[in-house]
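Following: one structure in structure tokens, then a few remarks.
The values are calculated or read from the model by the stated rules, or taken from the named source; none is laboratory data. It should be emphasised that the depicted structure is a prediction, and the values quoted were computed from it without experimental measurement. Neighbour counts are summed over all protein chains in view; Cβ atoms, including those assigned to glycine, are modelled from backbone coordinates with ideal geometry. Surface accessibility is based on the protein's heavy atoms, side chains included, excluding ligands, DNA and RNA. Shrake-Rupley method; radii C 1.70, N 1.55, O 1.52, S 1.80 Å.
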Amino acid sequence: MDLSKPTQENVEYMIEAIKTKLRMATGAAMQASHFTAERYEDLKDIYDMVASKERFSISEVEALVSELGRLRG
């Protein structure tokens, strides 16, 4: 997948990948449709960070979920 372009399809892909990686129990509440390509760079930064780490502490997951909540459209 080419994530260099800020498309809604890429936003949806990244949100789903983040939810999977974080094993979010409340993943259903984090719908990809709530995010727009306008905040693409911020979302891509979070995606890159999540993809680069193997494990997350509870506080890291909470911080990431909080930041994702801030980016919702």
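Couple of notes before you dig in:
- Pairs meeting the criteria (first residue in segment 3-17 and in contact (Cβ under 8 Å) with a residue 12 or more places away in the chain and over 14 Å from residue 51 (Cα atoms), second residue surrounded by 19 or more Cβ atoms within 10 Å (Cβ to Cβ) and among the aromatic types (Phe, Trp, Tyr), beta carbons under 9 Å, at least 6 apart or on different chains) are 6/40; 7/40; 8/35; 10/40; 11/35; 11/40; 12/35.
- Within segment 25-45, residues that are more than 12 Å from residue 15 (Cα to Cα) sit with their Cβ atoms under 8 Å from residues that are modelled with pLDDT under 85 and not polar (S, T, N, Q), at 6+ positions apart or across chains, in these pairs: 38/73; 39/73.
- The selection criterion, being assigned to a helix (DSSP H, G or I), loosely packed, with under 14 Cβ neighbours inside 10 Å and either small (Gly, Ala, Ser) or at pLDDT below 90 (or both), holds for residue 66.
- In segment 17-53, residue most open to solvent (accessible area, probe 1.4 Å) [restricted to those that are at pLDDT 90 or above and more than 18 Å from residue 70 (Cβ to Cβ)]: 52
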